[in-house]
Protein chains: 2
Amino acid sequence: MNKLPERIRIKDIARLADVSVGTVDRVLHGRSGVSEASRKRVEEILKQLDYQPNMYASALASNKKYIFCCLLPQHLEGDYWTAVENGISNALRAFSDFHISVKTFYYDPYDYDSFATEANHIIEINPDGVMVAPTIESYTEDFITQLNDKLIPYIYIDSNLKKLPGLAFYGQNSRQSGYFAARMLMLLAAPKEELVIIRKIHQGIVGSNQQENREKGFRKYMQEFHPNCKIYELDLDADSDDADAKMIDEFMNQHPDIKSGITFNSKAYIIGEYLQSRGIKDFNLIGYDLLMRNVSCLREGSISFLIAQQPEMQGYSGIKALCDFLIFKKEVKQLNYMPIDLLSIENINYYSSVSFADMK
Amino acid sequence: MNKLPERIRIKDIARLADVSVGTVDRVLHGRSGVSEASRKRVEEILKQLDYQPNMYASALASNKKYIFCCLLPQHLEGDYWTAVENGISNALRAFSDFHISVKTFYYDPYDYDSFATEANHIIEINPDGVMVAPTIESYTEDFITQLNDKLIPYIYIDSNLKKLPGLAFYGQNSRQSGYFAARMLMLLAAPKEELVIIRKIHQGIVGSNQQENREKGFRKYMQEFHPNCKIYELDLDADSDDADAKMIDEFMNQHPDIKSGITFNSKAYIIGEYLQSRGIKDFNLIGYDLLMRNVSCLREGSISFLIAQQPEMQGYSGIKALCDFLIFKKEVKQLNYMPIDLLSIENINYYSSVSFADMK
């Protein structure tokens, strides 16, 4: 299987399709003034040759500036969303030749009105493209409807809004991810049939669509394969981290036999660090996302597995999709599920050591 | 964290560093004729501004053609190496603007002299760069020494030759991968302490460095955590696939209690399909690589887990590294371990659905 592709020139295509160079150029740029028969012949030849127009050269020649706005949940440095923002920065660097800029707005994930307020700021800016991590459906819908009215293309990351599809979605299939997590937790827990789900909650709000869907998928697996397993719940207060240890203490004292648990947010380290502080070594814990504190628990053995979802890639791909659509006029794939990656102390060191950021 | 990067021009850098435009240009291109103090000032400014020279524009302007040669094991369509070659094709497409071509040679993995013969063909061509999947050390060394003499840069994929480091290596840490596989297999096997390693062998030759190292890592884990586990070996003949079922039958009849096994090559499907044909459903099997027949066994339940290692990315990254070094004059990272990815029936559908190929 030898491959020796030669540079394809427009005049070669013209010769092969038996049309003029001007006709090839018109087909390539989607302009009118070409007979149906000629268009078909040119398109066939282009397909046969797997022709790639030189997108860089033409985009570099343009001076148009592109302003993108992102709407993400508020977070502290080192939280899950920091990784998404790193991906955005990488994309900005990767496409720095093409005059793009990004302005990011942050909403309180436990306050829906805050989402609406920040969304309005973005509408006022009237950007060329938008990337949003949705909150609950009704509030997300209001924003998206306005974007549609203004013909602004938008990307979803983290969770999707299927009834108002964006230019693209980048994120995990949360239900399937929870389903997978259940299998892995039961491998660790066997033969015991008892476990606990730990949440962080504020006024009844879990704070993300992802968490809710992961739990649904988890419970689906349990119903199918371990219908007799007792599933306990421990709801910690999202507002007061100080009370966590006391609440976990109480739970553990009441249920000393429970040796397996899972968190569907990115804060498994709360439990992992608790287990370390109490010297508990026989508890099987699964969590999400590679925050430094989570990874540190994984290395210490207080977290058994972490499930990752390539947040940098989500941030990078979202911005890249806007570039592809607006600048390079390339087709963008609509549904882009992230891998459901299992990390343990044995394979974590090799995770994404060749990262997408090297792949420009 | 708002990001509004502006286009940086050479004259801006000159102004900030208080030097001439010519000086900035000399520093950017590593030419002499610049005082140490000026060089330092310019480099500091470049760093502060995170300056990216416009590599596309300058490379596009050049007309130099680059010929790369690859040396890979012989294989059939659909084998592991097909995925590596897909990565090579993707890279060829991605960098098609830059006049690169690839010629691939194939050696018999069970015949070391064949490696030497094909290597000589490559030396005769005198290519601009080489990518090689090494055979055993002594034969690989001969080839590499000749490349070094001719100052031809080379990339290792699949396995590395640490004592003669290449421009870059892309592949899995095979020992750690085997170590990880052991943990996963013992999770499935527990509480039983008995398993079988299945190989394909021709005249005592396993056929790849990777397989040998995976088994070493596997045995290391077993020694550390399950020193009493009985490990059986079943060596199938690499030359006659027809005899496989009979040999597995014999083994299974002799050892009816063994319910867990692993293969370190990419042909776990031999065992998986055997299990299906015999209606055996209580055997835990782990294998490597996402060949279609392996994935089909995973979906049927006759393989429990597959470990993957991004072969497309290896092929893509190797060619990209040659481009980065030769065309874009970019620094290339030397050691690039692939992730150790665990796939089960629950997460396989989401593996690399956003692939590196989308990430150019």
Before we move on, is A:Ile262 within 24 Å of A:His202 (Cβ to Cβ), assigned by TED's automatic domain parsing to the domain that holds A:Gln210, surrounded by 24 or more Cβ atoms within 10 Å (Cβ to Cβ) and among the hydrophobic types (A, V, I, L, M, F, W, C)? yes
Select, from A:Glu312, A:Glu331, A:Glu273, the only residue that is within 30 Å of A:Leu151 (Cβ to Cβ), out of contact with any Asp or Glu (no Cβ under 6 Å at 6 or more places or on another chain) and either surrounded by fewer than 21 Cβ atoms within 10 Å (Cβ to Cβ) or more than 12 Å from chain B (Cβ to nearest Cβ) (or both). A:Glu331
Failed condition for B:Lys65, given (1) surrounded by 14 or more Cβ atoms within 10 Å (Cβ to Cβ); (2) within 14 Å of another protein chain (Cβ to nearest Cβ); (3) at pLDDT 80 or above, with all others met? (1)
Go through (1) modelled with pLDDT under 85; (2) of a type in the set (D, E, K, R); (3) closer than 26 Å to B:Ile152 by Cα; (4) part of a helix (DSSP H, G or I) one by one and return the number of the condition B:Lys11 breaks. (3)
It is to be established whether one or more residues within the range A:88-102 are touching a residue at least 60 places away in the same chain (Cβ under 8 Å), within 17 Å of the chain's Cα centre (by Cα) and buried (at least 22 other Cβ atoms within 10 Å of the Cβ). yes
Test: B:Ile144 is crowded, with 20+ Cβ neighbours inside 10 Å, free of Cβ contacts under 8 Å to residues at least 24 places away in the same chain and under 22 Å from the mean Cα position of the chain (by Cα): yes
Of these, A:Ile205, A:Ile231, which one is out of contact with any His (no Cβ under 9 Å at 6 or more places or on another chain), at pLDDT 95 or above and not assigned by TED's automatic domain parsing to the domain that holds A:Ile157? A:Ile231
Specify which of the listed residues (A:Ala91, A:Ala83) is at pLDDT 85 or above and closer than 13 Å to A:Asp158 by Cβ. A:Ala83
Going through the range B:226-246 one residue at a time, which ones are surrounded by 17 or more Cβ atoms within 10 Å (Cβ to Cβ) and out of contact with any helix residue (DSSP H, G or I) (no Cβ under 9 Å at 6 or more places or on another chain)? B:Ala238
Contact list, first residue from the range A:222-234 and farther than 26 Å from A:Ala245 by Cα, second anywhere and in a loop (DSSP other than H, G, I, E, B), beta-carbon distance below 9 Å, six or more apart or interchain, is A:Met222/A:Cys229; A:His226/A:Glu193; A:Asn228/A:Glu193
Can you list the helices (runs of 4 or more DSSP H) lying wholly within the range A:89-195 that have 2 or more residues being out of contact with any strand residue (DSSP E or B) (no Cβ under 8 Å at 6 or more places or on another chain) and more than 13 Å from chain B (Cβ to nearest Cβ)? A:112-125, A:137-149
So A:Tyr288 passes all but one of these: (1) buried (at least 23 other Cβ atoms within 10 Å of the Cβ); (2) among the aromatic types (Phe, Trp, Tyr); (3) closer than 18 Å to B:Met313 by Cβ. Which condition number does it fail? (3)
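Look at the range B:221-249 and say how many of its residues are under 19 Å from B:Pro191 (Cα atoms) and of a type in the set (Lys, Arg). Step through it out loud before you land on a result.
Let us first name the residues in the range B:221-249 that are under 19 Å from B:Pro191 (Cα atoms), namely B:221-232.
Right, trim to of a type in the set (Lys, Arg) and you get B:230.
So the count comes out to 1.
Residues are listed down the side, and each one gets a yes or a no for (1) outside the structural domain of B:Leu188 (by TED's automatic domain parsing); (2) more than 28 Å from B:Leu92 (Cβ to Cβ); (3) modelled with pLDDT of 95 or more:
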{"position": "B:Leu290", "(1), (2), (3)": "no, no, no"}
{"position": "B:Asn294", "(1), (2), (3)": "no, no, yes"}
{"position": "B:Glu300", "(1), (2), (3)": "no, yes, yes"}
{"position": "B:Ala321", "(1), (2), (3)": "yes, no, yes"}
{"position": "B:Ile327", "(1), (2), (3)": "yes, no, no"}
{"position": "B:Glu331", "(1), (2), (3)": "yes, no, no"}
{"position": "B:Leu342", "(1), (2), (3)": "yes, yes, yes"}
{"position": "B:Ile345", "(1), (2), (3)": "yes, yes, yes"}
{"position": "B:Ser355", "(1), (2), (3)": "yes, no, no"}
Please work out which residue is farthest from A:Ser208 (Cα to Cα), limiting yourself to the range A:129-140 and to residues that are in contact (Cβ under 8 Å) with a residue 60 or more places away in the chain and crowded, with 19+ Cβ neighbours inside 10 Å. A:Gly129
Of all residues in the range B:281-309 being touching an Asp or Glu at 6+ places or on another chain (Cβ under 8 Å) and of a type in the set (A, V, I, L, M, F, W, C), the one that is farthest from B:Gln210 (Cα to Cα): B:Cys297
Output the residues belonging to the range A:315-328 that are small (Gly, Ala, Ser) and more than 10 Å from chain B (Cβ to nearest Cβ). A:Gly315, A:Gly318
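The values are calculated or read from the model by the stated rules, or taken from the named source; none is laboratory data. As the structure is a prediction and not an experimental result, all values here were calculated from the model. So basically every Cβ, Gly included, is an ideal-geometry build from the backbone, and we count neighbours across all protein chains shown.
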